[in-house]
1. Pairs of alpha-carbon atoms within less than 8 angstrom and 6+ residues apart define the contacts here; what relative contact order does region 21-65 have, in percent?
2. So how many Å³ per residue does the convex hull of the Cα atoms of region 39-85 work out to?
3. In percent, how large is the relative contact order of the chain, given Cα pairs closer than 8 Å and 6 or more residues apart?
4. Leaving out ligands, DNA and RNA, and with a 1.4 Å probe, what % of the accessible surface on the chain is carbon or sulfur?
5. Along Cα→Cβ, 7 Å out, is where each label goes; now give me the distance between the ones at residue 35 and residue 71 in nm to one decimal.
6. Keeping all protein chains in place, calculate the accessible area per residue for region 9-65 (probe 1.4 angstrom), answer in Å².
7. To one decimal place, what Kirkwood hydrodynamic radius in Å is obtained for the chain from all pairs of distinct Cα atoms?
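The values are calculated or read from the model by the stated rules, or taken from the named source; none is laboratory data. Keep in mind that what you see is a predicted model, and the values were worked out from it rather than measured. Glycine gets a Cβ as well: all are built from the backbone with ideal geometry, and neighbour counts include every protein chain shown. We work out accessible area using only protein heavy atoms, side chains counted, and drop any ligands, DNA or RNA first. Shrake-Rupley method; radii C 1.70, N 1.55, O 1.52, S 1.80 Å.
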Amino acid sequence: MMSVPTVSELHFVAVDQDDPLAEPLLAELTVEYATRYEVPAHAVEKWLRGHPAEEFVAPGGALLIGVLDGQPVTGGAFCRFDAETAELKRIWTDG
């Protein structure tokens, strides 16, 4: 029988956009968006990495990476518009 990790084994860390833990999220999103929207991967990468990183830092936002056994396996970002509204962005789960 296969053992499935439990949620308690997964932990989230807030990182900057240039943190190595964010690399799989950005790399896989580049491929996903380039394929889905039929645009060159280099243009998507430039757009993803060129997004104002300060939007994804506290107190108005965060870039969170889920880590399991030391490896990033999921993540996403949010940025606040006001005290009651935030937008989720860059949602990713390792396939």
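1. The normalised contact order for region 21-65 reaches 32 percent.
2. Taking only Cα atoms, region 39-85 has a hull volume of 117 Å³ per residue.
3. Relative contact order here is 29 percent.
4. 59 percent
5. Label-label distance for residue 35 and residue 71, simple model: 1.9 nm.
6. 64 Å²
7. 14.2 Å
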